[in-house]
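J.: This is the structure, below, for whatever I ask next.
The values are calculated or read from the model by the stated rules, or taken from the named source; none is laboratory data. For clarity, every value in this text was computed on a predicted model and none was experimentally measured. Quick reminder, even Gly has a Cβ in these numbers, built from the backbone with ideal geometry, and neighbours come from all protein chains shown. The accessibility values were calculated without ligands, DNA or RNA, using every heavy atom of the protein model including side chains. Shrake-Rupley method; radii C 1.70, N 1.55, O 1.52, S 1.80 Å.
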Amino acid sequence: MDLLSMWEATANQRPKYEILQGDQHCDVVIIGGGYSGLSTSYHLQEKGFNTIILEKGKVGGGASGRNGGQVLTGYLGSMEYWAKKKGLKAAKQMWEMSLSSIDLIENIIEKNSISCDFKRNGDFFAAYKPSHLEAMKRDQEFMASELDYHEIKVIEKADLQDEMNTTIYHGGRVDAKSAHFHPLNYVLGLAEAAEKFGAQIYEHSEAFSIVKNGNGKKIANTKHGRVFADHVVIVTNAYSGDLNETIKKSVVPIESIMISTEPLPEELIKDLIKNDRAVFDSKELLYYFRRTADNRLAFGGSGRSSSKRDQNSLYDNLRKGMVNVFPQLEEARIEYQWSGKVAFTKDMLPYIGKMEDGTHYAFGYGGHGAAMSSLLGKLIAENISDESESDNPLRIEKLRPIPFHSQNATGVGVIKVYKQFKDRFLK
C-alpha cells in the first residue's frame, strides 16, 4: 500500500518552483502556498499588485492538496444555530458568502481552464440516527422560511436507495449547490493562474521570522533569502508554525485520515453513490466519502495516533467503517492511505482579519476550506486594496489566543472519546 496521497498520485503534472535565494522585493509577501495564499495572490495580481508566495514545502502540500475534495455549502453547525448566536442578518450574510465561495471557484476554474474534475452535483448529508433526520427536516424548514433557500431536499429512509446503495443510514438531505473536485489539481491550476498574472512562487522556502526595517518595509526571512514587502499575509491554517505565536495559538489542528480503493468497476461505483454527490454523515466522528473521476471510492474519517501502531489501527478501522457503509467493498483493495490536518478556531468558524502590526490572516476552516478558503483569499486581496466591506461577519477585530492552547491535544483526545460514546450509545 502506498503512503502517497491518492490525489498526489493522480495529479496533473506538477511544476517545480525554485527556492528563494537572495533579496526580493514586492508589494505583498504571502506565507502559505495553499488555496488561501494562492487565491490572495491571484486576486492581487489581477489588481496590479506584485506578490511573492513563500511555501514551506510544496504548493498544495498541506490541507489544500490532501482533503476530500468536497466543496460544501455552509459551516460547522446549522445556520439556525448561527442565526441564534450571531443574529439573522449575520447568518444571511454568512450563507451568501458560502454560496459565493463555490461560485468563485467555479468561475476561476472556467476562466483559467483548470482541469480538476469539478462537478456541481450537490452533497448528501446522511442521517446516522432517526433523530438526525428529524433535525435535518427542521433545518430545511428554517433555510426555506428564514434564508429563502430552497435547494435542500430531505430524503426519507425508504428512499435512501435513490442516493446510495447502503442500509446503515436513516435517510438524509441533499443540498444541490455543493460540488466536488480533485483538490490538488485545483490548487496546482490556481498556482499556474496566479503565476500567469505575474506572481512569484517559491517552494521549500519557509519564512522563519518577519521584521520591520527603518523604512517601514516588512522583511520575511528564509534560510537562503529575504523578501521586502509593504504587506504581509499569513495563511498557513492548520500548519501554522512558530512564525506568529498569536496565530499559532488561535487555531487547533486536528488530523483527518483518508483511504482510497483501487479503481472499481464503473457499474459498481455508480451503484454505490447514485448521483455522484459529495457524501458525509451526521456521526459525531463523521465519515465523508465520494466517487472519484477514475472510479475509486475516497473515504475519510477522524485521525490521530500517538504511535505508528495506533496509526495503522486507525486506517484499519477506517477501512472497516467503509465496509460497514458499503459491504460490497469487502474485497476491494485499498491502494492509498494518507492524512492531513484540519484547523478549528475557538468559535468553530473561519477567521479573517488584520493584526495590530498590519499582518493579514485567514484560517480555521473546520473542514469547509475547500470551499471557503478561495473566497477568504479574495477578501484579503480586497482588504489590502481597500475594497472590502466592513461588515464581513467572519472578520475578527482582535485576534486572541485560545486559553490553555498547549493542552488542546489532550482536550481533543477526551472529546473524541466522548463523541465515540455518543455515536455508539446515544439516540
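J.: Note down the relative contact order for the chain as a percent, whole number, built from C-alpha pairs under 8 angstrom at least six residues apart.
T.: Relative CO of the chain lands at 25 percent.
J.: Further question on the same structure: Restricting the count to DSSP beta bridges whose residues both fall in the chain, what percent are antiparallel, rounded to a multiple of 5?
T.: 65 percent
J.: On average over all directions, what projected area in square nanometres does the range 25-98 have, based on the convex hull of its Cα atoms?
T.: Mean orientational projected area (the range 25-98, Cα hull): 6.8 nm².
J.: Kindly write out, for the range 127-144 in residue order, the coupling ³J(HN,Hα) from the Karplus curve 6.51 cos²θ - 1.76 cosθ + 1.60 (θ = phi - 60°), rounded to whole Hz, with x marking Gly and Pro.
T.: Karplus-based 3J(HN,Hα) across the range 127-144 equals 7, 6, 9, x, 5, 5, 5, 5, 5, 5, 5, 5, 5, 4, 5, 5, 4, 6 Hz.
J.: Can you compute the modelled spin-label distance between residue 100 and residue 135, with each label point 7 Å from Cα toward Cβ, in nm?
T.: It works out to 2.9 nm between the two label points.
J.: Moving on. In terms of Cα to Cα distance under 18 Å, which lysines are near enough to residue 283, apart from those fewer than 8 places away along the same chain?
T.: Straight-line reach from residue 283, under 18 Å: 129, 137, 157, 320, 416, 419, 422, 427.
J.: Charges at C-beta only: +1 for Lys and Arg, -1 for Asp and Glu. How large is the resulting dipole of the range 157-250 about its Cα centre, in Debye rounded to 20?
T.: Dipole magnitude for the range 157-250 comes out near 520 debye.
J.: May I pose another question? So, R0 is 25 Å and r is the distance between the beta-carbons of residue 159 and residue 266; what FRET efficiency does that work out to, to 0.05?
T.: 0.55
J.: Mind pulling the angle between the C-alpha long axis of helix 369-384 and the longest principal axis of the chain? Nearest 10 degrees, somewhere in 0 to 90.
T.: 30 degrees
J.: Now for a separate question. What FRET efficiency comes out for residue 346 versus residue 25 if R0 is 45 angstrom and r is the Cβ-Cβ distance? Round to the nearest 0.05.
T.: The formula returns an efficiency of 0.75 here.
J.: In the range 227-245, which residues have a backbone nitrogen under 15 Å from the label point lying 7 Å from residue 211's Cα in the Cα-to-Cβ direction?
T.: Of the residues in the range 227-245, 227-229 have backbone N under 15 Å from the label point off residue 211.
J.: What residues have an amide H closer than 5 Å to that of residue 201, excluding those fewer than 5 places away on the same chain, when H is modeled at 1.01 Å from N in the peptide plane?
T.: 53
J.: Would you mind listing how long the range 227-271 runs along its three principal axes, going by Cα atoms, in whole Å with the largest first?
T.: 55, 24, 15
J.: Starting from the 7 Å offset along Cα-to-Cβ, what nm value, one decimal, do you get for the label separation of residue 275 and residue 18?
T.: 5.0 nm
J.: With each pseudo-label sitting 7 Å past Cα toward Cβ, what's the residue 294-residue 145 distance in nm, one decimal?
T.: 4.9 nm
J.: In the P(r) worked out for the range 174-327, what percent of Cα pairs fall beyond 20 Å?
T.: Within the range 174-327, distances greater than 20 Å cover 67 percent of Cα pairs.
J.: Also, quick follow-up: Using only alpha-carbon positions, what ratio does the radius of gyration of the chain give when scaled by 2.2 N^0.38 Å?
T.: Computed over Cα atoms of the chain, the ratio equals 0.96.
J.: Leaving out same-chain residues fewer than 8 places away, which aspartates and glutamates sit with a Cα under 18 Å from that of residue 218?
T.: Within the straight-line cut-off, residue 218 pairs with 23, 27, 55, 206, 230, 242, 245, 356, 357.
J.: Further, regarding this structure: Which value results when the Cα radius of gyration for the range 337-388 is divided by 2.2 N^0.38 Å?
T.: 1.27
J.: While we're here: Using the heavy atoms of the protein chains alone and a 1.4 angstrom probe, what is the accessible area of the range 96-147 per residue in square angstrom?
T.: 46 Å²
J.: Of 92/153; 177/398; 56/249; 89/119, which pairs sit farther than 23 Å apart, going by alpha carbon to alpha carbon?
T.: 177/398; 89/119
J.: With only Lys, Arg, Asp and Glu charged, each at its Cβ (+1 for the first two, -1 for the last two), find how big the charge dipole of the chain is about the Cα centre; round to the nearest 20 debye.
T.: 1280 debye
J.: What is the extension gain from residue 255 to residue 176, computed as 0.36 nm multiplied by their sequence separation minus the C-alpha to C-alpha distance, in nm to one decimal?
T.: Stretched out fully, the residue 255 to residue 176 stretch lengthens by 25.6 nm.
J.: If Rh is defined by the Kirkwood formula over all Cα pairs and Rg also comes from Cα, what ratio Rg/Rh do you get for the range 85-231?
T.: Radius of gyration relative to Kirkwood radius: 1.15.
J.: Consider all pairwise Cα distances in the range 308-395 and report the whole-number % of them above 17 Å.
T.: Every Cα pair in the range 308-395 considered, those over 17 Å come to 63 percent.
J.: Stretch residue 224-residue 324 to full length: gain in nm at 0.36 nm per residue minus the Cα-Cα span?
T.: Net length gain for the segment: 30.9 nm.
J.: Which length gain, in nm to one decimal place, applies between residue 357 and residue 400 when the Cα-Cα distance is subtracted from 0.36 nm times their residue separation?
T.: In short, 14.1 nm is gained.
J.: Okay, next question. Any idea what the dipole of the range 104-152 comes to, in debye rounded to 20, about its Cα centre with Lys/Arg Cβ at +1 and Asp/Glu Cβ at -1?
T.: 180 debye
J.: By how many degrees, 0 to 90 and rounded to 10, does the Cα axis of helix 308-325 deviate from the longest principal axis of the chain?
T.: It is inclined by approximately 50 degrees.
J.: Set Lys and Arg Cβ to +1 and Asp and Glu Cβ to -1, take the dipole of the range 1-77 about its Cα centre, and tell me which of 26, 73, 54 lies farthest positive.
T.: Value: 73.
J.: Could you pull out every residue, at least 5 positions away or on a different chain, whose amide H is within less than 5 Å of the one on residue 206? Hs are placed 1.01 Å off N in the peptide plane, and Pro or chain starts have none.
T.: Long-range HN contacts for residue 206: 223.
J.: Quick one: P(r) of the range 42-146 from all Cα-Cα pairs, 10 Å bins, percents rounded to integers, in order of increasing distance.
T.: It works out to 11, 30, 33, 20, 6, 0, in whole percents.
J.: If you plug each phi of the range 177-194 into the Karplus form 6.51 cos²θ - 1.76 cosθ + 1.60 with θ = phi - 60°, what whole-Hz ³J(HN,Hα) values come out, in order, with x for Gly and Pro?
T.: Coupling constants for the range 177-194: 8, 6, 8, 8, 7, 7, x, 6, 5, 5, 5, 5, x, 5, 4, 4, 5, 5 Hz.
J.: Roughly how much of residue 159 is accessible, in Å² to the nearest 10, using a 1.4 Å probe?
T.: My reading of the accessible area for residue 159 is about 70 Å².
J.: Please enumerate, by chain and number, the aspartates and glutamates with C-alpha under 16 Å from the C-alpha of residue 111, excluding those fewer than 8 residues away in the same chain.
T.: 46, 103, 192, 195
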